[in-house]
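The values are calculated or read from the model by the stated rules, or taken from the named source; none is laboratory data. Predicted, not measured: the structure shown is a model, and the values here were computed from it. Please note: Cβ atoms are built from the backbone with ideal geometry, for glycine as well, and neighbour counts cover all protein chains shown.
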Amino acid sequence: MSEQKSGQSLSRRGFLKYLGGAIAVAAVTSACGQTAAPAAPTTAPAAPAAAATTAPAAASKPFAGKELNLYVGNHWDANVRDLWVPLFQDKTGAKVNYTSIGSGDADAKYAVFAASQDSSQDIFYAWETLVAKYARTLFEDLTPSFKKDVLAGVNDVPVKSMTFLGKLYTIPFDSNMAIFMWNTDLYKAAGLPDKAPESWTEFADFSKKLATGGNFATLFTLGDANSSFFTFLTLFNSTGAEVISQDLKKIQVDTPEGLLAMQAFYDGVVKDKYIDPAGLTINSSIEQGKVFRGGKIGHYFAFPNHYTLAQDPTQSQVVGKCKTGIIPGLKLRSGSGNGFEGCAINKYSKNKELAMAWLEHTVSPEVQKLVGTKWGRPPSLKSAFSDPDVQKAAPQFAAVAEQVKYPARRYGSPFYVDVGQVFNDEMNKMLKGGPSPKDTAANVQKLAQKIIDDYWAKAGG
Amino acid sequence: MGTETLVPPKASRQAIFWQRFHRMDEAKFGVLLLSPTILILVIFLVIPILYAIAMSTQQVELTISPDWKFIGLANYTGLLSDNRVLDSIPRTLYFAFFTILVSTTLALVLALILNEPFRGRQIVRVLVLLPWAVAPVVSGVMWRYIFHPRYGLMDAILYSLGFIKQYIVWFDDPTVSLSIASLATAWKGVPFLTLIMLAAMQSIPESLFRAAKMDGANVLQRFRYVTLPHLRSILIFIIVLQTIVSLQVFDLIYTLTRGGPGEGTVVLNFLTYLNAFERLSLGKASAMAILLAVFIIVLSGISLSFTVQRRQKV
């Protein structure tokens, strides 16, 4: 019976023939598909000049025929991929393969690169905490190799923030830090003077006048570990105190300054209700900026490129209606939090010479001019601030030049997320009407210190 | 002479190969056909699992060093005193309980409705399947926008109906956030559960309902004494299945709340992710993943035994 059955159906030999045929067809189809649609990473667009370059001229360029692999946050696409990369390709003759990811996903991706000691990427997007987290396992120590004369031209505040335990791991391309921005129309409607408040007390007074008719005056991001810690720091830094000691071993929140900062948030959200509680679920300054650009809040602590975005009629309802100043402080005149970003080299890269050329490119005068004029971020190259084009394109840099005189530390560390999570958890409870600011500061102190102690016990420092 | 006769010509060797191939018994042929799949599973499943087991006995802290240090079962014992793990257990249980409650109830109601003849039933049956086709990440984003504190559909509806005077911030409360996450998971699971229940309902002999009707049983009594007893084993299967789904939830939490507010929606599987990819404690994360996998395997075993029992009864 079984013979009968096999005689009626497909024979094994026939089956294998069909299977082989199907595999061949699949292979051909897949090959055609690859030709039609190249897989990621994308090759960055070539600059018009590069396209016109003849082969011998390209060969004479220092890195002709070589390839550089960039692995960066997707918020860089419009500037790095579309503007900086073509310039670099033209300058060096190298081909750049550009891969971008959601910036929030960088941690997960880098963990895999570090664990597998992957050499497929040469350049990584980095900021202070990524530097501290991946200094020992993924990022190349640039201290001995990066050109000293080039580094001398870069603002030393961001350079210092990209240094972990005395070694430099990232070259910052901006001096990005939060400043103050207000909506002139809403200020006028509330009967406020057209100027930035000069202290937190004045800020609170202004806010109370702006918070009318069910509207809130301002919004802070407190939606996750990073945003909560950053928001706290922005205010705390204006007390002039230090939240974590220089050696990264002691947290100092249960202090008069820590309490002052906690109390300020508590009053704004719980007592006087001028800070939008929606901020408890928002973790992105991009989303915060959208609320301002929708004309919903009167003022907030903004990154400088938010001013550039606010002047874009395609995404702003407050074009020509906003001004910038420095952040009103709690004890000092001001304080801020930094959002410095830069590029690091993969320590497993087999292409370090070209990667180093990329780092130099990011702080070159032509790229730094683009940082200021096109991106709206304060450049890291000191000389770029005096460029008339930069000054004209980004008037908000006048506020940055003033803001930079005040503390803006971010306290990047390997335990940043865990400590930030404590801030997020405890501040959320407080701002929902739970523990008092004093108890919150004490809880944060206890829990965060334990995390720090545990880390150093494991790290053996 | 002997050697000449023993070595067959090339053509006849090929014939012998095909002869043997055709005579190969079913079991061997089955293994041959399965071998590509087995190879893929070994490379992408078995080896990583073994790697994770090995890693769970090591201290792998990428913020400190890329090196591995053998620490035996310390990662496992450490979990028992880890406050984050202990805090995430009741959250996970709440999430699982709420998900099971909502999804099973909704699926049962839908299956009962779809089991009755009405005009357009076929279309409704197709429409009910739609949430199942939505990717978990998309589902997370969609639910996030439904409950967004500024542009959310839920707030807009409540506001326009006059139930609220100010938009509610839904995700600033851990219990509400966890409930929304459960609701979203249940919403996605309901179509599949409805299908299973519908199939089970359609296998109940019609004569039982007729007999019950003749005995004067009303709709509720027919459900209580005929339908429900027949669905008992499938309900247990569904509960076990949904528990497993709840324990494995990650993508939805990632896109919906990212574990917030605070750690209010950090369930066990999400904590495993945080330990691995945010804290870079790969050893500890591997230990958590292994324990979770063992727990899920046990639950799957229970589920399987119920299925077998049911088949034996049938």
Exercise. For the stretch A:202-217, which residues satisfy the criterion of being away from chain B (no Cβ under 14 Å) and touching a residue at least 40 places away in the same chain (Cβ under 8 Å)?
Worked result: A:202, A:203, A:204, A:206, A:207, A:208, A:210, A:217
Seminar exercise, completed: Matching residues in the stretch B:210-225 (more than 30 Å from the chain's Cα centre (by Cα) and within 21 Å of residue B:107 (Cα to Cα)) number 5
Exercise. Touching a helix residue (DSSP H, G or I) at 6+ places or on another chain (Cβ under 6 Å) and closer than 29 Å to residue A:133 by Cα: does that describe residue B:77?
Worked result: no
Exercise. If you check B:239, B:157, B:180, which single one turns out to be more than 14 Å from chain A (Cβ to nearest Cβ), under 20 Å from the mean Cα position of the chain (by Cα) and not aromatic (Phe, Trp, Tyr)?
Worked result: B:239
For this session: Would you please name the residue that is modelled with the highest pLDDT, looking only at residues in the stretch A:275-289 that are within 14 Å of chain B (Cβ to nearest Cβ) and touching a Phe, Trp or Tyr at 6+ places or on another chain (Cβ under 7 Å)?
Result: A:275
Seminar exercise, completed: In the set B:13, B:119, the lone residue that is over 32 Å from the mean Cα position of the chain (by Cα), basic (Lys, Arg), in the same structural domain as residue B:203 (by TED's automatic domain parsing) and modelled with pLDDT under 95 is B:119
Problem set entry | Complete set of residues in the stretch B:24-67 that are part of a helix (DSSP H, G or I), facing chain A (nearest Cβ under 10 Å) and either more than 30 Å from the chain's Cα centre (by Cα) or at pLDDT below 90 (or both) | B:26, B:29, B:32
Exercise. Just checking, how many residues over the stretch B:58-85 are among the basic types (Lys, Arg) and surrounded by 15 or more Cβ atoms within 10 Å (Cβ to Cβ)?
Worked result: 1
For this session: Among the helices (runs of 4 or more DSSP H) lying completely within the stretch B:154-225, list those that include at least 1 residues that are among the small types (Gly, Ala, Ser) and without any contact (Cβ under 8 Å) to a residue 12 or more places away in the chain.
Result: B:174-202, B:206-214
Exercise. Out of the stretch B:194-209, which residues are loosely packed, with under 13 Cβ neighbours inside 10 Å and within 24 Å of the chain's Cα centre (by Cα)?
Worked result: B:199
Seminar exercise, completed: The residue from A:139, A:164 that alone is within 28 Å of residue B:66 (Cα to Cα), modelled with pLDDT under 95 and touching a helix residue (DSSP H, G or I) at 6+ places or on another chain (Cβ under 8 Å) is A:164
For this session: Please work out if residue A:292 is modelled with pLDDT of 95 or more, more than 30 Å from residue B:152 (Cβ to Cβ) and under 22 Å from the mean Cα position of the chain (by Cα).
Result: no
For this session: State whether the residues of the stretch A:163-182 include one that is within 14 Å of chain B (Cβ to nearest Cβ), under 19 Å from the mean Cα position of the chain (by Cα) and under 30 Å from residue A:308 (Cβ atoms).
Result: yes
Exercise. Listed residues A:77, A:90, A:107; which is surrounded by fewer than 17 Cβ atoms within 10 Å (Cβ to Cβ) and not in a strand (DSSP E or B)?
Worked result: A:77
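Across the stretch A:388-433, which residue is farthest from residue B:62 (Cα to Cα) among those that are assigned to a helix (DSSP H, G or I), polar (S, T, N, Q) and within 11 Å of chain B (Cβ to nearest Cβ)?
First pass over the stretch A:388-433, keeping only residues assigned to a helix (DSSP H, G or I): A:388-393, A:397-403, A:416-431.
If we keep only those that are polar (S, T, N, Q) as well, we get A:391, A:403, A:421, A:424, A:428.
Keeping just the survivors that are within 11 Å of chain B (Cβ to nearest Cβ) gives A:421, A:424, A:428.
Working: A:421: 19, A:424: 24, A:428: 29 Å.
That would be A:428.
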